[in-house]
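The values are calculated or read from the model by the stated rules, or taken from the named source; none is laboratory data. Because the structure is predicted, anything quoted here is derived from the model rather than measured. Cβ: placed from backbone, ideal geometry, glycine included. Neighbour counts: every protein chain shown.
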Amino acid sequence: MLRLLLPVFLLLACALPAAAQGPAAPRSVPRPTFAPTPSVPQEKVEADISTRTLEVTTGFTGHEIIVFGSVDNSQAPREQYAGYYDVVVVVEGTPFPIVVRRKSDVAGVWVNTSSVTFGSVPSYYAIASTRPIEQVAGPGVLERHAIGLQHIKMTPSGAARSGFKDYEVAAFRSAVIRLKKKDNLYVLAPNGVEFVGRSLFRSTIALPANVPVGPLVARTYLFRNGEVVSAHIARVTLHRTGIEWLVHNFAFVYPMSYGLIAVLIAVGCGLIASAYFRRQTA
């Protein structure tokens, strides 16, 4: 009997440890790994100016500055790159306050009847682009970046703003732009930026002889599909030298002495001219 039960006991002894271990743990399945997708580098515009300093002397007749640059990480097709990007160059002078007066006919005499003071008006403003800016971007984008004559930031002072309707202020503003354009201080060049190859570009900006002395800021914008992709800022300074600087500096540092000397010179020239003509007629 014992011989018959011994195999049964042995089977039970082997089965008990396996049952105590419980169900087998599920086998971990390794997660699939993927190689990281390389990100496309963002386009970036780099620009500079042909000269950073311009000397204004008594013989200054104007000057041309060249704004040149490149599009880094250009995504333009290598064969049909024309029109893929647009570049807009804005050169802006130091802003100054300006008073605009309107003349009216009063009893047959033209007199100043009203005026508006704009607190900050660019002394010089030139814009060059690969095509007309209206085709480059919408009004909202141009307004946000102050690109274009109609989007120059000119805000009348609080006291000057009162008493005028919006269309009247707009008329004064248009008068400022019209007069500046007449003096060649506000310039538009709708095809003034030229691409040289796939990523290089250049533009020539003409500074007139009457350009105000001071710093100029050149802003270069890179557009794609009507949006600004990148922008760059460079600066150039116009400063007086020689006799021009001496006279200007003396007039502002010693205004009373400058005025007195000017009067004495005028009186002296008048006396000399009078004596000369008196001798000729004698």
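Figures for the structure shown
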read-out: Any chance Arg235 is of a type in the set (D, E, K, R) and surrounded by 13 or more Cβ atoms within 10 Å (Cβ to Cβ); value: no
read-out: Pair list, Cβ < 6 Å and 6+ apart or interchain, from the stretch 58-75 residues that are exposed (fewer than 14 other Cβ atoms within 10 Å of the Cβ) to residues that are of a type in the set (Ser, Thr, Tyr); value: Glu64/Thr204; Ile66/Ser50; Ile66/Thr204
read-out: Which numbered condition Gly197 fails, given (1) at pLDDT below 90; (2) touching a Gly at 6+ places or on another chain (Cβ under 9 Å); value: (2)
read-out: Some residue of the stretch 39-55 being over 25 Å from His232 (Cα atoms), exposed (fewer than 14 other Cβ atoms within 10 Å of the Cβ) and modelled with pLDDT under 90; value: no
read-out: Subset of the stretch 118-145 that is among the small types (Gly, Ala, Ser) and in contact (Cβ under 8 Å) with a residue 12 or more places away in the chain - its residue that is nearest to Ala189 (Cα to Cα); value: Ala128
read-out: Test for Asp105: is it among the acidic types (Asp, Glu) and without any contact (Cβ under 8 Å) to a residue 60 or more places away in the chain; value: yes
read-out: Flag if Gly140 is surrounded by 14 or more Cβ atoms within 10 Å (Cβ to Cβ) and either in a helix (DSSP H, G or I) or touching a helix residue (DSSP H, G or I) at 6+ places or on another chain (Cβ under 9 Å) (or both); value: no
read-out: Selected residue (criterion: surrounded by the fewest Cβ atoms within 10 Å (Cβ to Cβ)) from residues of the stretch 87-120 that are under 30 Å from Val193 (Cβ atoms) and hydrophobic (A, V, I, L, M, F, W, C); value: Phe96
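Here is a yes/no grid of residues against (1) over 27 Å from Gly62 (Cβ atoms); (2) at pLDDT 80 or above:
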{"site": "Val229", "(1), (2)": "yes, yes"}
{"site": "Arg235", "(1), (2)": "no, yes"}
{"site": "Ile243", "(1), (2)": "no, no"}
{"site": "Ile265", "(1), (2)": "yes, yes"}
{"site": "Gly270", "(1), (2)": "yes, yes"}
{"site": "Thr281", "(1), (2)": "yes, no"}
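Here's the yes/no breakdown for (1) assigned to a loop (DSSP other than H, G, I, E, B); (2) closer than 23 Å to Ile152 by Cα:
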site	(1), (2)
Glu46	no, no
Thr58	yes, no
Pro77	yes, no
Val90	no, yes
Val121	no, yes
